[in-house]
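Below is one structure, written out as structure tokens; comments come after it.
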Amino acid sequence: MLAPMTRLWRWLLVVAAIALAAFLLVPYFRPSTSAGPGTLIGAPLPDLPLLDERGNAFSLADERGRVLVVNLWASWCPPCRAEMPDLERVARKEAARGVRVIGIDQGESGPVARAFARSLGITYRIVVDPTQRYGRAFGAFGLPTTAIVNRRGIVVRAFDGPLTYPQIVRALAPLLESP
């Protein structure tokens, strides 16, 4: 049988260990204002290396002058699959107004990404980010993640999670009303 003092020390040690663990772990579970795609708002859209489905270099800087809907996705992501038809609808209906939808596949090959997109009837531009740099640059918590970019290349809206057609149209409206 343990002496009462030994039990007390053991309990104090357990309490101290729990307090130390809480002190070290709490910052990781606190909501952060310095993370997520919203941190991109007001900043230029990152221009990181991308590849088309044939492996040729593609640059988002070449899209300057258009309103962009830049969507990070992957074929293994069910919410991405659900969102893609709405992005296609935006691409078709708003192209005449200078809107371009660009899907950036995260980590898959060009042929895999393109085949998947074709299976869903997607015709908007699909490019690949094989090293997933855009996910990190966007501060994405998951997929899909979307940025709305004005004609000067500045991110004006950013979203984590799937969007519907009405949500995308609402996010684009201020950019399409101004000259």
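Quick notes
- Taken together, the residues in the range 87-108 that are touching a residue at least 12 places away in the same chain (Cβ under 8 Å) and farther than 19 Å from G142 by Cα amount to 11.
- Unmet criterion (only one of (1) crowded, with 16+ Cβ neighbours inside 10 Å; (2) in contact with a Cys (Cβ under 9 Å, 6 or more places away or on another chain)) for Y124: (2)
- Test: residue in the range 112-119 that is surrounded by 19 or more Cβ atoms within 10 Å (Cβ to Cβ), out of contact with any helix residue (DSSP H, G or I) (no Cβ under 9 Å at 6 or more places or on another chain) and closer than 15 Å to S75 by Cα: yes
- The single residue among R81, R133, R157, R114 that is closer than 18 Å to R66 by Cβ, basic (K, R) and in the same structural domain as P44 (by TED's automatic domain parsing) turns out to be R157.
The values are calculated or read from the model by the stated rules, or taken from the named source; none is laboratory data. Keep in mind it's a predicted model, so treat the numbers as computed, not measured. Using ideal geometry, Cβ is built from the backbone for each residue, glycine included, and neighbour counts are taken over all protein chains shown.
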